[in-house]
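The values are calculated or read from the model by the stated rules, or taken from the named source; none is laboratory data. Since the structure is predicted, the reported quantities are computational estimates derived from the model, not experimental observations. For neighbour counting, all protein chains shown are included, and Cβ atoms are generated from backbone atoms with ideal geometry for every residue, glycine included. To get the accessible areas, we keep the full protein, side chains included, count just its heavy atoms, and leave off ligands, DNA and RNA. Shrake-Rupley method; radii C 1.70, N 1.55, O 1.52, S 1.80 Å.
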Amino acid sequence: MREYLYSLPSAYFPPKDTHFTLFPRSGFCFLPLLTPKQRPPSQATVHAMEVGGSDSDGREFKNADEMWREQVGDPSKKTDWYHQGVGYWQGVEASVDGVLGGYGHVNEADVHGSEAFLKTLLSERYPNAGTDGHLVALDCGAGIGRVTKNLLIRYFNEVDLLEPVSHFLEAARENLSPENHMSPDIHKASNFLCMPLQEFTPDAERYDVIWVQWCIGHLTDDDFVSFFKRAKAGLKPGGFFVLKENIAKTGFVLDNEDRSITRSDLYFKELFRHCGLHLYKSKDQRGLPEELFAVKMYALTTDSPKKVCKTRSKGQANRPRIIK
Ligand SMILES: C[S@@+](CC[C@H](N)C(=O)[O-])C[C@H]1O[C@@H](n2cnc3c(N)ncnc32)[C@H](O)[C@@H]1O
């Protein structure tokens, strides 16, 4: 499986068919793309987590289980995993460019894509929000408050920010201070919570939307599932999650530098099932540079989608029937 791997090329001249790891943090990490011929048989017929993956040094794993056992197989390794993940971001400048791994220029496309998705969701699920609602959102792994400042604060009356890296959170507090944004009396950043997702439990039914963008890769599968299970209780009735993430073409890609994994669409869907969440809608983010991972937005609900009422087909409706 690994014969398509080549030694890492010059960082500045990636050969064709290489792939930046989502935010090529240091800018030195290129991962090979699988060509169609090299792809594993068919993910549809294989359990998503049984599909192999690779890491940023070109190592291949048989399946996710093998990778997780090696990375976080005992409690001290798991502590190291989270310590190194947060440690990585502690060394990053508190700026848009910093939280976007040197790709600050994708901010605009990202915000546009998110806004279109959010608007559709709000109009479908909160048609009266503009007139009689008081909407509250949670921005998870909020960094310097980029998503809140450019998007959430315009649609929600209150936004809470959760972020484990204190210098990012302090920058967010500054960026979102009442004098730095419009109409602070009706739209405000309320709580700044310095904490990682795996330790967080929200207040019951506080949020209409819980937004999780570009941070869930830091969580192990177990913590992913237990986070969403706890966070469900933090949603108001009718509320929903938005998860916006990088998508691996197949299986997963482990980033050895910042201790995160990029999961495939099928991998995510399997985790959603474990969380007891329903996929309400999803959308691909467009307009990002080609060398980056694909990015997808998922809207997830705790209630199952409404059953489609079966109407009789025209053929049946017009057919003579016995009057009972
Ligand atoms: C790529 S940045 C994205 C920041 C923000 N969501 C945005 O889109 O601008 C990743 C963020 O995840 C945060 N992070 C790392 N480990 C985390 C964890 N265990 N729980 C929550 N956030 C974490 C980092 O500190 C960093 O702010």
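Some notes on this structure:
- The lone exception for L138 - which of (1) in contact with a helix residue (DSSP H, G or I) (Cβ under 7 Å, 6 or more places away or on another chain); (2) surrounded by 16 or more Cβ atoms within 10 Å (Cβ to Cβ); (3) outside any helix (DSSP H, G or I) it fails: (1)
- Scanning the range 230-246 for residues that are within 16 Å of the ligand (Cβ to nearest atom) and open to solvent by 20 Å² or more (accessible area, probe 1.4 Å) returns a single hit, R230.
- Top-ranked residue of the range 142-168 - restricted to ones that are within 16 Å of the ligand (Cβ to nearest atom), polar (S, T, N, Q) and surrounded by fewer than 24 Cβ atoms within 10 Å (Cβ to Cβ), ranked as nearest to L279 (Cα to Cα): N150
- Identity of the residue in the range 112-136, modelled with pLDDT of 95 or more and of a type in the set (V, I, T), that ends up nearest to the ligand (Cβ to nearest atom): V136
- Near pairs, Cβ below 7 angstrom, 6+ apart or cross-chain, from the range 208-237 (over 23 Å from Y155 (Cβ atoms)) to any residue that is open to solvent by 20 Å² or more (accessible area, probe 1.4 Å) and among the β-branched types (V, I, T): T220/V72; R230/T201
- Within the range 169-200, being more than 10 Å from the ligand (Cβ to nearest atom) and of a type in the set (D, E, K, R) holds for E170, R173, E174, E179, D185, K188.
- Counting only strands (runs of 3 or more DSSP E) that fall entirely inside the range 234-304 and contain at least 1 residues that are hydroxyl-bearing (S, T, Y) and out of contact with any Leu (no Cβ under 6 Å at 6 or more places or on another chain), the qualifying elements are 260-263, 278-284, 294-301.
- Pairs where the first residue, in the range 72-93, is on the phi < 0 side of the Ramachandran plot and more than 12 Å from the ligand (Cβ to nearest atom) and the second is basic (K, R) and in a helix (DSSP H, G or I), C-beta under 6 Å, 6+ apart: V72/K78
- Any hit, the range 96-111, residues being open to solvent by 30 Å² or more (accessible area, probe 1.4 Å), near the ligand (Cβ under 10 Å from one of its atoms) and either among the β-branched types (V, I, T) or touching a His at 6+ places or on another chain (Cβ under 7 Å) (or both): yes
- Test result for D139, more than 9 Å from the ligand (Cβ to nearest atom) and either touching a His at 6+ places or on another chain (Cβ under 8 Å) or modelled with pLDDT of 95 or more (or both): no
- Residue, surrounded by the fewest Cβ atoms within 10 Å (Cβ to Cβ), within the range 249-279, restricted to residues that are hydroxyl-bearing (S, T, Y) and under 15 Å from the mean Cα position of the chain (by Cα): S264
- Residues that are among the hydroxyl-bearing types (S, T, Y) and in a helix (DSSP H, G or I), drawn from the range 108-135: S114, T120, S123, T131
- Counted residues, the range 103-125 - those being more than 17 Å from the chain's Cα centre (by Cα) and closer than 19 Å to S282 by Cβ: 6
- Among the residues of the range 276-307, those that are within 18 Å of L122 (Cα to Cα) and either modelled with pLDDT under 95 or hydrophobic (A, V, I, L, M, F, W, C) (or both) comprise L279, M297, A299, L300, D303, S304, P305, K306.
- Each residue in the range 207-222 was checked for being in a helix (DSSP H, G or I) and more than 20 Å from N107 (Cβ to Cβ), and 3 of them qualify.
- Of all residues in the range 178-201 being touching a helix residue (DSSP H, G or I) at 6+ places or on another chain (Cβ under 6 Å) and closer than 30 Å to N256 by Cα, the one that is surrounded by the most Cβ atoms within 10 Å (Cβ to Cβ): L197
- Residue match in the range 72-91 (condition: surrounded by fewer than 17 Cβ atoms within 10 Å (Cβ to Cβ), of a type in the set (G, A, S) and farther than 21 Å from W214 by Cα): yes
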